[in-house]
1. Work out the P(r) tail for the range 413-460: percent of alpha carbon pairs separated by more than 15 Å, whole number.
2. Over the chain, what is the mean sequence separation of C-alpha contacts under 8 Å (at least six apart), divided by residue count, expressed as relative contact order in percent?
3. Would you calculate a helix-derived [θ] at 222 nm for the chain, using -39,500 (n - 2.57) for each DSSP H run of n ≥ 4 and dividing by the full residue count, to the nearest 500?
4. Could you name the aspartates and glutamates whose alpha carbon sits less than 12 Å from that of residue 179, not counting residues in the same chain fewer than 8 places away?
5. Skipping prolines and chain starts, which residues have an amide H placed within reach, meaning under 5 Å, of the one on residue 327, given they are 5 or more residues away or on another chain?
6. Per residue of the range 50-67, in order, report the coupling 6.51 cos²θ - 1.76 cosθ + 1.60 (Karplus, θ = phi - 60°) as ³J(HN,Hα) in whole Hz, putting x for Gly and Pro.
7. Could you work out the Rg to Rh ratio of the range 34-120, with Rh taken as the Kirkwood radius (inverse of the mean 1/r over all Cα pairs)?
8. Which residues' amide hydrogens lie under 5 Å from the amide hydrogen of residue 147, considering only partners 5 or more residues apart or on another chain, with H built in the peptide plane?
Amino acid sequence: MKFKYSIIILFILSALQSCYRDLGNYDYSQLNDIEINFGDYNKDFVLGDTVKITPSYTYALGSKPAQLSYKWTLAGKEISQSPELDWIADTVVSNGSLELRVLDNKSGITYFSSGYLTIKGAAYNYSGWVILSEKSDGSSSFSYLRYMTEKDEADNTILACRAYPDAYDKDNGESLGSKPIRVLEHFSEQWDGEDEQMGRFWIIQQGGQGPVQVSGRTFLKTTTLADCFESGSLPSGFVPEDIIDMQWVSIVAGEDGTAYTRKRETCLLFNSGAFLDGQPLMYENEPVNCSHMIWGPYSHCYYTLLYDPDNNRYLAIDDSDQRTAGRIVPLFVSENQYEANPNFSRLDNLGDKRSIFCGISKSDTGWGTNTYLSLLRDEQNNFYIQRFTTWGLYYTDQYISADLIGQERANLSAAIIGDGSQNVFHQSRWDRNPFLYIGKGGQLWLYYLDSSDAESSTRLIQYLNFDANITSIDTEYYNGTYTIIGLDNGDVYIVDTTKDSVNKFLRGEVTQQDLILDHASGFGAKVVHVRYKVGYHNGWGFQVW
């Protein structure tokens, strides 16, 4: 019976299927799906910046649908309804989600892409360059050039730095001072809190309120040098010209070479301890001339080298330990090394030659190890390049050991004016820039330190020409990618002086214009000093152990 009923049911279903007709009107056409790509875009901004992103849109059917709506949001806030984002940042956001939704109003389908943005409240939180200059009335100006990039018409990433002229006066609501000299970034060992991680700056000037220290984050004044002395004022007749801050000791030198020190009570603070008014820095019962301190890295360094012009020798200021910080120690070179290098001028007495410049470069041979380049001049204005390496100082040592690299006479007559006092000299710490930099008026000259690096028969190259005199050179940007040049007309240039680009220039593959990456003006009547703003702790600045 079950078998009989099953046959009947199958017969009825078959009859129903034979009578079915599809009376519907269905559209099975392919959807015009949209693929959205933000590409490579700048992700870091500050309030007031214009955020521009031009996405690329790919349509499955090759043509753009007619009815599209756009919605950009940042951290949940709608900021635009355009296909391209062109928005003035008005919200502080830390690594916020940036989302674009594209609605096809015909199909009702929404397409989606996302990225992220950071909008900070202060422009100075980023890497860039600080610029100390003099205005036409002789007053000091402290400015900032923020590192920024953009895309050109060929979709190449290019520099498009943003200038913040006269930042100190604008943000502090007061005049900085006058007679500017130089600027120096320094660090503390504190890692707790963003402000402590970022270095501060000494703005060294001789007029007005004298040297001023500012926050690296806000450029607001944190103290003056006078306030850091025990008496609350500078010693009578003392005219500051240079400041060095190491882990445990700070040294301020006057224009006559007289130096005062302070020993920090803790390295967790920028300004613990005080400079002692009546105790200038001494060595062998004599005041030490510290007018030629050689600024260098204080991470794993333990000392600052200085050239003592009164005795024509090199010495070092100890910073190896809180107990011994501030003592002066000599450089020690074994007599065997001098015998093996008979043309090398002794570091404890340069003899008939004098040092007119000394620079420091990074050494990867160990902690506390640095390589120095000393440019020597004899009485006939012949010039010599002397190089040596110094080894780490520990508090039990009574001297710094030095190894001689070599000394050679350098044919620099085309680049140096007279005795060199009117030139600007600089050495990069990066191997990518193996040059001695020489500013001669508006000309930038480069001298290959090793003949094996040079692709031409000459090691001295006239590289770039500017329409004003060079006043300052800095190559501290990571890996020496960018070099900043300050001029006596208030302009600065960011240029390419990497070895690869120099060799391309020598081969005629690039022009001088190709080597100029960015240019900014309006920094006063004369740029006095430029320096890369490291920002946070790195291997070159002072680091926590």
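Coordinate-derived values only; no laboratory data. Keep in mind the model is a prediction, meaning the values are calculated, not measured. Reconstructed Cβ throughout: ideal geometry from the backbone, glycine too, with neighbour counts over all protein chains shown.
1. On the way: 509 of 1128 pairs.
Beyond 15 Å sits 45 percent of the P(r) for the range 413-460.
2. Once divided by the residue count of the chain, the mean separation gives 10 percent.
3. Computed ellipticity for the chain at 222 nm equals -2000 deg cm²/dmol.
4. 134, 137, 241
5. Amide H neighbours of residue 327: 318.
6. Taking θ as phi minus 60°, the curve returns 8, 9, 10, 9, 10, x, 9, 10, 10, 10, 4, 9, x, 10, 6, x, 6, 10 Hz for the range 50-67.
7. In the range 34-120, Rg relative to Rh is 0.99.
8. 128, 129
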